[in-house]
Each structure stands twice: as C-alpha cells, then as structure tokens.
Amino acid sequence: MKLKSVLFSLLTASLVSGAAFAQAPIVIKFSHVVSSDTPKGKAAERFKELAEKATKGRVKVEVYANSTLYKDKEELEALQLGAVQMLAPSLAKFGPLGVKEFEVFDLPYIFPAKDVLYAVTEGQIGKDLMKKLEPKGITGLGFWDNGFKVMSANKPLHMPADMKGQKMRIQSSKVLDAQMRALGANPQVLAFSEVYQALQTGVVDGTENPPSNLYTQKMHEVQKHVTITNHGYLGYAVIVNKKFWDGLPADIRGQLDEAMKSATKYANAIAQQENDNALEAVKKSGKTTVYALTPQEKAEWRKALLPVQKEMESRIGKDLISNVNKEAAKLGYK
Ligand code: LMR
C-alpha cells in the first residue's frame with residue numbers, strides 16, 4: 001500500500017513537472033538602444049505582439065529598450081555569446097564585427113530616395129549582405145527603416161565650412177569617420193547611450209541622427225542648432241543568434257519568420273511619419289533652431305561629401321557601391 005502511494009506520487013510529480021516543462025516558453029531577449037517611441041522601438045514591440053500571438057505563447061519576447069541591457073558594442077558580443085537572442089543594430093555598427101560592407105548604407109547621398117533603399121534592402125544586395133553575417137554566427141532576418149539624418153551643433157551649420165573643427169559624435173563606422181573629416185570636423189565614436197551627456201557636458205559639440213532619435217533622446221535640449229541636411233541614411237538589420245534560430249522547432253521558426261515579415265512592413269510604413277512628427281516636435285519645443293538648407297547650400301554639402309563615396313571604395317567594395325548606384329539608375333535617379 002505504502003509502495004503504491006509512493007509510486008503514485010512520483011508519477012504525478014513527473015507528470016506535473018513534464019507539463020510545466022512542456023509549457024515553459026522559449027524566451028527571446030530582444031535588446032536595443034533607442035527609445036520605445038521610435039520606429040525601431042515600436043517595431044520591436046509589434047514583433048513581440050505578433051510573435052507571441054502566432055506561437056500561442058510558446059515564445060515569449062522580452063524587449064529591452066534604451067540600452068537597459070547592453071550598449072552598442074556589448075550587445076553584438078552578447079548576441080554572439082547567446083546572452084541575448086535578437087537585436088536590431090544600426091547598419092553603421094557592423095564594421096567592428098568585420099562586416100565592412102554594411103557601411104555602404106552610411107555613404108553620403110548614396111540613396112537619392114527611399115525607393116532606392118528598398119530596392120537594395122529587399123533585393124539581391126540585401127540578401128548578399130545578410131549572408132555575410134552567417135560565418136559570424138548571426139542570421140539576418142530583415143532590414144528596418146529609420147530615416148535620413150540631420151546634423152546638429154551649438155552653432156548654425158549652413159555651409160560645410162561651418163563644420164570645421166567641430167567635435168562630432170559618430171557611430172563606429174569608418175565611412176562616418178571619413179564623412180566628418182571631409183567636412184573638416186573631428187569625429188569621435190561614442191555609444192548611443194552616452195550621446196546626450198557628451199553633448200550636455202561639451203565632450204562633443206554636435207552629432208547626426210534622424211529626427212526620431214534626436215527628439216526621443218532629448219538631444220535638441222542640448223543642441224542649439226539643427227540643420228536638415230539629409231546627407232546620409234540610418235536604418236537597421238534585425239539579427240538573431242544563428243545557433244538559437246537554427247535550433248528552434250521548424251513550426252515556431254516559420255511563425256516567427258511571418259511575424260518578422262509583418263513587423264518589418266510595419267517598421268517601414270511608420271518610419272517617415274515618425275521622423276516628420278519628431279522634427280515638428282523639435283521645432284515646437286523652441287529649444288533649438290531648425291534650419292532648412294537653400295538649394296545652393298545643399299549643392300555645397302553634396303560637393304564636399306560626394307568624394308567620400310570614392311574614398312571608401314577600397315573598404316566597402318567598388319562593385320557593391322556601383323550596384324547600389326545601378327539600383328538608383330534603374331529607378332530613374334542619376
Ligand atoms: C546611433 O547610435 O546614433 C543610432 O543609430 C542608434 C540607433 O540604433 O538608432
């Protein structure tokens with residue numbers, strides 16, 4: 001009798017723990033460095049919602065915004081080590097990983113308009129770029145848009161010559177370094193989470209980012225002047241730890257793929273409006289002067305920055321740059 005009851009409790013215990021085990025969700029830690037109230041922040045939340053719904057709770061996505069878990073460089077290391085499963089670093093942050101080709105997105109004026117960008121990210125060029133991540137233990141899942149960058153400082157920036165001697169915070173991209181040097185500025189690489197304080201304390205004089213990042217980090221409160229230069233682009237690659245991804249049950253991976261496709265559409269659909277709204281909000285704040293370049297001034301910025309495309313050919317690859325330019329030509333841009 002006693003033996004029977006022992007066996008019975010062992011059996012129930014194993015059934016209960018088996019059920020608990022079966023129900024334990026697969027956790028995806030998705031870390032990023034921007035505010036939740038940006039195109040990337042919103043798209044990450046959308047992915048969470050869609051992924052959890054599609055997998056009926058078998059997957060739990062934990063989104064960590066605003067560098068709460070890791071800063072720029074650390075997050076890539078954490079992904080490779082498997083401490084987080086998913087990230088969406090800006091395309092300017094893949095150089096230190098040894099994938100320099102992603103810096104093609106940083107070249108000044110490489111995208112005359114968003115349709116060229118989408119032809120690149122959704123076409124063969126985008127696929128080939130993602131493939132370069134595989135040997136690093138990373139799988140690329142999609143490109144998320146943000147927008148064209150504005151330049152900010154504590155002095156008016158109307159002509160390229162106004163940049164001379166300015167200490168400018170940049171992301172860890174050699175193209176951005178060359179871009180700032182072409183303007184006579186002194187580039188300084190800083191993690192995104194450090195930018196506000198660096199601007200506030202005068203460690204750097206200025207920076208560049210799309211308005212959505214500028215506004216949500218309150219950079220406009222510590223920058224007296226913003227110029228709508230649209231001189232370069234900023235977007236993201238959503239990436240996942242390859243071992244984790246390949247090890248998922250096939251049905252779950254398929255559902256997550258679908259959720260990512262929808263989140264990507266959503267990110268790309270809201271990006272422009274989010275940036276337009278942020279620029280309006282910056283103007284309304286009255287804390288900084290927003291300047292729109294005249295056509296002559298725009299031409300001067302182009303003249304100063306276009307040589308960076310040629311200068312960076314040996315780093316990024318002549319063919320890659322020329323293939324991007326071909327996409328622009330196909331769409332009728334010269
Ligand atoms: C930056 O570091 O300036 C931004 O690109 C951060 C981000 O992820 O948008």
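The values are calculated or read from the model by the stated rules, or taken from the named source; none is laboratory data. In this text the structure is predicted, and so the values were computed from the model without any measurement. We place every Cβ from the backbone using ideal geometry, glycine too, and count neighbours over all the protein chains shown. With ligands, DNA and RNA removed, areas are computed over all heavy atoms of the protein, side chains included. Shrake-Rupley method; radii C 1.70, N 1.55, O 1.52, S 1.80 Å.
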(request) Considering only segment 313-334, state which residues are assigned to a helix (DSSP H, G or I), more than 13 Å from Leu117 (Cα to Cα) and free of Cβ contacts under 8 Å to residues at least 24 places away in the same chain. (result) Glu313, Ser314, Lys318, Asp319, Ser322
(request) Scan segment 40-81 for residues that are within 13 Å of the ligand (Cβ to nearest atom) and either hydrophobic (A, V, I, L, M, F, W, C) or under 24 Å from Asp251 (Cβ atoms) (or both) and report the count. (result) 4
(message) Within segment 245-255, does at least one residue satisfy the condition of being open to solvent by less than 10 Å² (accessible area, probe 1.4 Å) and within 18 Å of Pro39 (Cβ to Cβ)?
(response) no
(message) Given the criteria over 30 Å from Lys303 (Cβ atoms), free of Cβ contacts under 8 Å to residues at least 40 places away in the same chain and either of a type in the set (S, T, N, Q) or part of a helix (DSSP H, G or I) (or both), does Lys261 qualify?
(response) no
(request) Just name the residue that is nearest to the chain's Cα centre (by Cα) out of those in segment 82-105 that are closer than 15 Å to Lys242 by Cα and within 10 Å of the ligand (Cβ to nearest atom). (result) Ala88
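Return the only residue of Gln188, Gln179 being more than 22 Å from Ala88 (Cα to Cα), within 15 Å of the ligand (Cβ to nearest atom) and open to solvent by 40 Å² or more (accessible area, probe 1.4 Å).
Working: Gln179 fails: open to solvent by 40 Å² or more (accessible area, probe 1.4 Å).
Answer to the selection: Gln188.
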(request) Test Ala269 against the criterion of being closer than 30 Å to Phe47 by Cα, aliphatic (A, V, I, L, M), modelled with pLDDT of 95 or more and open to solvent by 30 Å² or more (accessible area, probe 1.4 Å), and give yes or no. (result) yes
(message) For segment 192-231, which positions are touching a helix residue (DSSP H, G or I) at 6+ places or on another chain (Cβ under 8 Å), more than 14 Å from the ligand (Cβ to nearest atom) and of a type in the set (Gly, Ala, Ser)?
(response) none
